[in-house]
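The block underneath contains the structure these notes are about, expressed in structure tokens.
Since every read-out is calculated from the coordinates, none of them should be taken as a lab result. Values in this document were obtained by computation on a predicted structure and should not be read as measured data. A quick note on method: Cβ atoms are made from the backbone with ideal geometry, for glycine too, and the neighbour counts reach across all protein chains shown.
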Amino acid sequence: MEPMWLTLAIAGIVASSSVPWIGYTEYRTNLPGGRYANVATMRACVVRADGRGRKALCPELAAPLGAWTQFAGWSPDGRTAIIGSGWESAGNAAWEEAHGTFRFDEGAWRYDTLLVDMATGVATNVTAVDRVSHYNSGVFYWPDDPTRLGFTALIGGESHPFSMDLDGRHKTDLSGGVAGFTYGFSASPGGHRIAYHRDYQVFLADADGGNAARVDTGNPFNFAPQWSPDGRWLAFVSGEHYDCHPYIVRADGTGLRKLADRGGFEGVVAFLDVPDFHGGSSDTIAWSADSRWVYYSAQIDGAVELMRVSRDGTVFRLTHSEPGVLSYHCRVSCDGAFIVYGSTRTGRRQLYVAAPDGSDARAITDVGPGWGAMWACVQPTRPH
């Protein structure tokens, strides 16, 4: 029997006859050879929020040796999936393993982002049009502007925030010519402001990249800014590397405050069962649909638990796990009806859906030994 929250969520979907898709990535976790051997098995997948209908998207993109795909996002109307398509040479991967660092040289690495029509399965490589880089990631639809996309491009060893038309043309660098590695780029609801972190400092700027201003936290590590759905707040983690915590600031850069403490959780989730020279996957935070709560993970009694905290600092614990279990990467449906997150409670990295308060959790993936399912992203189902 379906949990009551899921029954109500399905019944409340507007203009849709089906349960929303959850996009995610499946991959091997324990192949010998380090990071590359396992990353090269990644496949962008979708599964319904009730656990049915699992399928891989564009499997042909991962057919060449050393190629893989990853699920990366959705269009605002949920009709188009965003997937990453990567490739690395075996020789470059061996160098990276030996030196314990990435080497994103052109000709040895390629990463593009494609738009996939869910009705037809047709994929369009928008980052390859009028190409500005061999490594393009972080594509998102510009809020309230159906003709515009944002993304980041690696140029000269530095990542730059860009905008482009929906067909991939008119790529425009929004960095203002300022040096530094930009990551976590996104636009505010309404599309009038942007946020990103550059060299682990959070910046707010106008939509064209102008009037960029740093959010002065006094901390050396600031990561993954996320706009609240109402556009009034920005949440991110701040502190020291491997000791950072949820913070919020108003959209104009005022009102900075720490919301909660992660209790010793380093903020990184190991996504492999073999040594990974990069150290894992960053566990970022997420807003509730009504902008009242921030979801995050924290260490409690030997487990990493899913939590949420209100803007005034009231904390609630949503999972109660055995020591050693990790709960991470929480995401919220756009209508606020449910959450989806990862957990190792069965000894494997599986995805779970639950009510917004964490109750009635149920697995929606069932990967076998030596496999993982990670990085969930909920298909929008409300009108836009």
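So which residues in region 328-346 are touching a strand residue (DSSP E or B) at 6+ places or on another chain (Cβ under 9 Å), under 15 Å from R362 (Cα atoms) and not in a strand (DSSP E or B)?
Within region 328-346, F338, T344, R345, T346 qualify.
Just a yes or no: is a residue in region 279-295 in contact with a Gly (Cβ under 9 Å, 6 or more places away or on another chain), more than 25 Å from R232 (Cβ to Cβ), free of Cβ contacts under 8 Å to residues at least 40 places away in the same chain and of a type outside the set (D, E, K, R)?
Within region 279-295, the subset in contact with a Gly (Cβ under 9 Å, 6 or more places away or on another chain) is 282-284, 288-291.
If we keep only those that are more than 25 Å from R232 (Cβ to Cβ) too, we end up with none.
Looking for residues that are in contact with a Gly (Cβ under 9 Å, 6 or more places away or on another chain), more than 25 Å from R232 (Cβ to Cβ), free of Cβ contacts under 8 Å to residues at least 40 places away in the same chain and of a type outside the set (D, E, K, R), one finds none in region 279-295, hence no.
What strands (runs of 3 or more DSSP E) completely inside region 152-228 contain at least 2 residues that are touching a helix residue (DSSP H, G or I) at 6+ places or on another chain (Cβ under 9 Å)? Break it down into steps so the answer makes sense when it comes.
Working: elements: 158-165, 182-187, 193-198, 201-206, 221-227.
In region 152-228, the matching strands (runs of 3 or more DSSP E) lie at 158-165.
Just name the residue that is surrounded by the most Cβ atoms within 10 Å (Cβ to Cβ) out of those in region 95-153 that are among the aliphatic types (A, V, I, L, M), farther than 16 Å from T172 by Cβ and more than 17 Å from the chain's Cα centre (by Cα).
Quick first cut of region 95-153, residues among the aliphatic types (A, V, I, L, M) only: 98, 108, 114-116, 118-119, 122-123, 126, 128-129, 132, 139, 149, 153.
From what's left, farther than 16 Å from T172 by Cβ: 98, 108, 114-116, 118-119, 122-123, 128.
Now drop any that are not more than 17 Å from the chain's Cα centre (by Cα), which leaves 98, 108, 116, 118-119, 122-123, 128.
Values: A98: 10, A108: 18, V116: 24, M118: 17, A119: 8, V122: 12, A123: 19, A128: 15.
Here the residue is V116.
Considering only residues that are in contact (Cβ under 8 Å) with a residue 60 or more places away in the chain, touching a strand residue (DSSP E or B) at 6+ places or on another chain (Cβ under 7 Å) and not in a strand (DSSP E or B), look in region 229-255 and name the one that is surrounded by the most Cβ atoms within 10 Å (Cβ to Cβ). Please lay out each step first, then the result.
Residues of region 229-255 that are in contact (Cβ under 8 Å) with a residue 60 or more places away in the chain, as a first pass: 229-230, 233, 246, 248, 251.
Narrowing the set further to residues that are touching a strand residue (DSSP E or B) at 6+ places or on another chain (Cβ under 7 Å) leaves 229, 233, 246, 248, 251.
Subset that is not in a strand (DSSP E or B): 229, 251.
Working: P229: 17, A251: 20.
Here the residue is A251.
Residues in region 347-368 that are part of a loop (DSSP other than H, G, I, E, B), in contact with a strand residue (DSSP E or B) (Cβ under 8 Å, 6 or more places away or on another chain) and surrounded by fewer than 17 Cβ atoms within 10 Å (Cβ to Cβ): how many? Please lay out each step first, then the result.
Going through region 347-368, the residues part of a loop (DSSP other than H, G, I, E, B) turn out to be 347-348, 355-361, 364-368.
This time we only want the ones that are in contact with a strand residue (DSSP E or B) (Cβ under 8 Å, 6 or more places away or on another chain), so: 348, 355-358, 360-361, 364-367.
Still in the running and surrounded by fewer than 17 Cβ atoms within 10 Å (Cβ to Cβ): 357, 360, 366.
Matching residues across region 347-368 total 3.
It is to be established whether one or more residues within region 287-304 are over 28 Å from G100 (Cβ atoms), charged (D, E, K, R), in contact with a helix residue (DSSP H, G or I) (Cβ under 9 Å, 6 or more places away or on another chain) and not in a strand (DSSP E or B). Show your work before the answer.
As a first pass, look at region 287-304 and keep what is over 28 Å from G100 (Cβ atoms): 287-296, 298, 300-303.
Adding the requirement that they be charged (D, E, K, R) leaves 290, 292, 301.
Imposing the further condition that a residue be in contact with a helix residue (DSSP H, G or I) (Cβ under 9 Å, 6 or more places away or on another chain) reduces the set to none.
Scanning region 287-304 turns up no residue that is over 28 Å from G100 (Cβ atoms), charged (D, E, K, R), in contact with a helix residue (DSSP H, G or I) (Cβ under 9 Å, 6 or more places away or on another chain) and not in a strand (DSSP E or B).
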